[in-house]
């Protein structure tokens with residue numbers, strides 16, 4: 001016998017199956033990342049059609065059998081149409097989804113992981129923060145939630161807290177002040193330079209209260225430096241690439 005449960009969640013991946021079904025990856029509040037079948041979801045008259053679309057935040061009634069979940073009901077809460085109708089925003093949102101699929105807990109409570117991506121998508125849709133800022137803040141906080149928080153309190157060698165420029169060591173997640181960085185043997189491709197402002201931004205995204213995560217502003221040059229370092233730290237830490245990230249960058253180049 002199976003069990004039925006209710007939780008809200010976000011559709012982070014979807015695949016068409018057969019003539020009318022969808023197979024979904026959901027990031028749910030109660031159960032983290034799960035795979036679920038939505039029978040008949042592609043039929044216009046289906047009661048779960050809207051709630052099982054990519055990037056839909058919905059209340060799901062789930063039935064768990066021996067091996068998989070199935071969706072009995074899906075009541076849409078937010079559709080993020082402003083993201084889905086803009087190709088560049090959609091590409092960035094799909095990158096967020098791929099990261100969550102890789103890093104969020106499986107079959108475990110994941111409220112903070114869900115809150116993070118919902119907040120990021122809402123800001124992306126509203127367009128009130130630069131996409132680079134949303135992306136970098138999302139990356140750093142998701143890594144921190146997943147156990148990959150960098151140590152940004154002070155220079156790992158001399159302990160100094162502030163400096164005009166520091167060097168982030170991408171593989172260890174610590175930074176060195178300019179004086180200590182000169183003596184360090186880490187190769188250039190495993191380093192990232194951070195100005196005082198970029199370091200402050202990175203510290204904010206790692207240590208700030210969740211409600212203030214995206215609430216900061218930076219000059220364009222500093223934001224670019226921070227966002228570049230954030231992405232490089234993520235890729236070095238996870239030791240893999242992401243197809244959605246490559247696609248997002250290809251759109252940025254075209255546009």
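So the values come out like this:
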item: Filter pass, residue 205 being assigned to a helix (DSSP H, G or I), assigned by TED's automatic domain parsing to the domain that holds residue 116, surrounded by 13 or more Cβ atoms within 10 Å (Cβ to Cβ) and modelled with pLDDT of 95 or more; result: yes
item: Residue check for residue 185: in the same structural domain as residue 249 (by TED's automatic domain parsing) and more than 16 Å from residue 157 (Cα to Cα); result: no
item: Tabulated pairs, segment 34-60, first free of Cβ contacts under 8 Å to residues at least 24 places away in the same chain, second surrounded by 22 or more Cβ atoms within 10 Å (Cβ to Cβ), C-beta under 6 angstrom, 6+ apart or interchain; result: 49/41
item: Selection from segment 94-116 of residues that are in a helix (DSSP H, G or I) and out of contact with any strand residue (DSSP E or B) (no Cβ under 6 Å at 6 or more places or on another chain); result: 94, 95, 96, 98, 99, 102, 103, 111, 112, 113, 115, 116
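The values are calculated or read from the model by the stated rules, or taken from the named source; none is laboratory data. Here the structure is a predicted model, which is why all the values come from computation and not from measurement. We place every Cβ from the backbone using ideal geometry, glycine too, and count neighbours over all the protein chains shown.
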